[in-house]
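One structure is given here, and the rest of the page talks about it.
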Amino acid sequence: MPVRSLDGRVVVVTGASAGIGAAAARLFAAEGAAVVLSARGAERLHAVAEAIRAEGGRAEALPGDVADPAHAAALTALAVERFGGLDAAFDNAGTLGALGLVEGMALADWRAVIETNLTSAFLLAQAQIPALRARGGGSIVFTSSFVGPCSGLAGMGAYAAAKAGLVGLARALAVELGPERIRVNALMPGGTRTAMAGDDPGWHAQVAAMHALKRLAEPDEIAPAALFLLSDAGSFVTGSALAADGGVSVARP
């Protein structure tokens with residue numbers, strides 16, 4: 001039987017009800033991990049967990065809001081209670097939020113995007129670090145984006161600020177936690193066919209044209225990059241912003 005890269009590991013995945021999070025949860029389970037899944041949509045989240053169990057994997061689902069400190073703590077507690085500890089986390093939950101120029105953006109809309117995309121990572125990491133330390137080390141991956149760290153798009157100021165902030169947070173944590181064998185990285189996907197990207201073919205075509213590969217990714221193409229960062233294959237990678245972006249960060253019209 002081939003060796004699986006996450007055998008015996010316990011991994012939290014947020015934003016796991018669809019898109020990149022669901023694809024990653026399925027991949028991590030197939031690679032031997034027990035997964036603890038979070039998302040706001042309870043029905044879809046439980047369906048992902050059930051599908052993993054139907055394939056012989058181990059999964060628990062805990063619906064909730066990642067911007068709620070109690071939910072962040074409960075996810076780690078569930079991993080410890082149900083599976084004995086925590087080895088890694090894919091803190092992937094995010095939202096585009098309200099789009100519009102910064103000049104006219106309501107403060108409530110700004111705060112909602114920052115809280116879901118950036119503050120949630122802070123809260124999750126705070127809850128996860130002691131559990132990772134108790135296992136003698138581990139790995140955290142935040143889902144950033146090409147928007148913010150690499151490119152600016154009009155109307156996406158809050159999203160760009162949050163996603164760039166995740167790269168900065170990952171780098172700071174990498175330095176703080178490196179001596180304890182806890183690695184922290186950011187993953188920067190390119191345009192990906194998810195619910196967040198909508199279903200407008202014209203918009204998809206416009207975004208695809210920005211990429212060197214001239215297409216959007218499927219979620220199953222992004223999940224292996226997260227697996228690399230979480231697994232021992234990425235054992236000497238920390239503080240990085242890994243682009244799995246179809247060349248959008250290097251392409252020019």
Open item on the list: I'd like to check something: does segment 136-149 contain any residue that is under 30 Å from GLY84 (Cα atoms) and surrounded by fewer than 23 Cβ atoms within 10 Å (Cβ to Cβ)?
Closed with: yes
TODO: Among residues belonging to segment 223-239 that are over 15 Å from ARG9 (Cα atoms) and of a type in the set (A, V, I, L, M), point out the one that is surrounded by the most Cβ atoms within 10 Å (Cβ to Cβ).
DONE: ALA223
Open item on the list: For segment 158-168: of the residues being buried (at least 20 other Cβ atoms within 10 Å of the Cβ) and in contact (Cβ under 8 Å) with a residue 40 or more places away in the chain, which is nearest to THR238 (Cα to Cα)?
Closed with: VAL167
Open item on the list: Out of the residues in segment 92-132 meeting the condition of being of a type in the set (A, V, I, L, M, F, W, C), in contact with a strand residue (DSSP E or B) (Cβ under 9 Å, 6 or more places away or on another chain) and surrounded by fewer than 18 Cβ atoms within 10 Å (Cβ to Cβ), tell me which one is nearest to ALA73 (Cα to Cα).
Closed with: LEU96
Open item on the list: Is it the case, given these coordinates, that VAL10 is over 15 Å from ALA121 (Cα atoms), under 16 Å from the mean Cα position of the chain (by Cα) and not aromatic (Phe, Trp, Tyr)?
Closed with: yes
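Yes/no matrix, rows are residues, columns are (1) under 30 Å from GLY157 (Cβ atoms); (2) surrounded by fewer than 19 Cβ atoms within 10 Å (Cβ to Cβ):
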{"position": "THR14", "(1), (2)": "yes, no"}
{"position": "ALA30", "(1), (2)": "no, yes"}
{"position": "SER38", "(1), (2)": "yes, no"}
{"position": "ARG44", "(1), (2)": "yes, yes"}
{"position": "ALA73", "(1), (2)": "no, yes"}
{"position": "PHE90", "(1), (2)": "yes, no"}
Open item on the list: Against the definition (among the small types (Gly, Ala, Ser), surrounded by 20 or more Cβ atoms within 10 Å (Cβ to Cβ) and under 24 Å from ALA244 (Cα atoms)), how does ALA174 come out, yes or no?
Closed with: no
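Values quoted throughout were computed directly from the atomic coordinates according to the rules given, and no laboratory measurement underlies them. Because the structure is a prediction, the values reported are computed rather than measured. Cβ: placed from backbone, ideal geometry, glycine included. Neighbour counts: every protein chain shown.
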